[in-house]
Amino acid sequence: MSRMVGSSLPAPLHERLRGDDLAARLGIAVMVVTADVDGWPHPAMVSYGELLARNSRQICLAIHGASGTAENLRRSGRITLCFVEPGSVYYVKAAVARPEEPVPGCPGLVRFEATVEQVLADEARADSEPGAAIVDGVRFCTGRPAAAVLRDWRRVVGGLRGHA
């Protein structure tokens, strides 16, 4: 069951989004949800190599400029980020500022800045879900050597950081 934890990133989540230890986040997807033109939820995935917390209330995102997610952000200015990892689930609802800017050195990527408005933690209820626990999240394989992926992620996060 979800419960409100505030209007800023909890310390463990803020730490994950600082961009300092991308190797520890390799292969972990972050689900994002925007609303399409018809109002339907539009899910997508990003990596930790496309996110950077400037502080506990601001998250920079690198999104492909031609994607449906980018179009939805331009139109609605709203996003929900779903961080699902073993033992920890957070839903971060945020408002996205416009205009977006290109991410330096990363052709096709644009930077959006999200201001955290609401953070919920999702936990099993002791009274109705005893013993339930999140054991994993959405994971992916890039099909590329880890060193190459981390090099690219560092370039993207560096581009996001340059705007911070």
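Taking amide hydrogens as modeled 1.01 Å from N in the peptide plane, which residues meet the under 5 Å criterion relative to S56, leaving out close sequence neighbours?
The answer is none.
Summarise the accessible area of segment 38-139 (1.4 Å probe, protein heavy atoms) by the percent that is carbon and sulfur.
Exposed carbon and sulfur together represent 54 percent of the surface.
Net charge near L150, counting Lys/Arg +1 and Asp/Glu -1 over other residues with Cβ under 11 Å of its Cβ?
+3
Along the charge dipole of the chain, Cβ charges K/R +1 and D/E -1, which of H64, Q118, V89 sits furthest on the positive end?
In the chain, that residue is H64.
Using a Förster distance of 22 angstrom, determine the FRET efficiency expected from the C-beta separation of A24 and M1, and round it to 0.05.
Plugging the Cβ-Cβ distance into 1/(1 + (r/R0)^6) gives 0.20.
By the gyration tensor of its Cα atoms, with a ≥ b ≥ c the square roots of the eigenvalues, what is the shape of segment 2-51: rounded for a/c under 1.5, prolate for a/b over b/c, or oblate?
Taking the square roots of the gyration eigenvalues as a ≥ b ≥ c, segment 2-51 is oblate.
Expressed in nm to one decimal, what extension gain is obtained for the pair H14 and E117 from 0.36 nm per residue of sequence separation less their Cα-Cα distance?
Extra length available between H14 and E117 comes to 35.6 nm.
Tell me, in nm to one decimal, what length is gained between R54 and M31 on full extension, where the rule is 0.36 nm per residue of separation less the Cα-Cα distance?
Between R54 and M31, full extension yields 6.3 nm more.
Accessible area per residue for the chain in Å², computed with a 1.4 Å probe and the full protein assembly in place, what is it?
With the other protein chains kept in place, the chain gives 51 Å² per residue.
Specify which labelled value, from (i) 9, 32, 33, 20, 5, 0; (ii) 9, 33, 26, 20, 10, 1; (iii) 10, 39, 37, 12, 2, 0, agrees with P(r) over Cα pairs in 10 Å bins from 0, in percent derived from the coordinates of the model shown.
Only one option fits the structure, namely (iii).
With charges set only on the Cβ (+1 for Lys and Arg, -1 for Asp and Glu), what does the dipole of the chain come to about its Cα centre, in debye to the nearest 20?
520 debye
What spacing in nm lies between the two simple spin-label points modelled at D38 and R154, each 7 Å away from Cα in the Cβ direction?
My value for the distance between the label points is 4.4 nm.
For a Förster distance of 41 Å, can you work out the FRET efficiency between the beta-carbons of A146 and R125, rounded to the nearest 0.05?
0.60
What length, rounded to one decimal in nm, is gained on full extension from I134 through to E71, with 0.36 nm per residue of separation minus their alpha-carbon distance?
Between I134 and E71, full extension yields 19.5 nm more.
Would you calculate a helix-derived [θ] at 222 nm for the chain, using -39,500 (n - 2.57) for each DSSP H run of n ≥ 4 and dividing by the full residue count, to the nearest 500?
-6000 deg cm²/dmol
The values are calculated or read from the model by the stated rules, or taken from the named source; none is laboratory data. Predicted model, so just to flag it, every value in this text is computed and none were measured. Neighbour counts are summed over all protein chains in view; Cβ atoms, including those assigned to glycine, are modelled from backbone coordinates with ideal geometry. These accessible areas exclude ligands, DNA and RNA; they are computed on the full protein's heavy atoms, side chains included. Shrake-Rupley method; radii C 1.70, N 1.55, O 1.52, S 1.80 Å.
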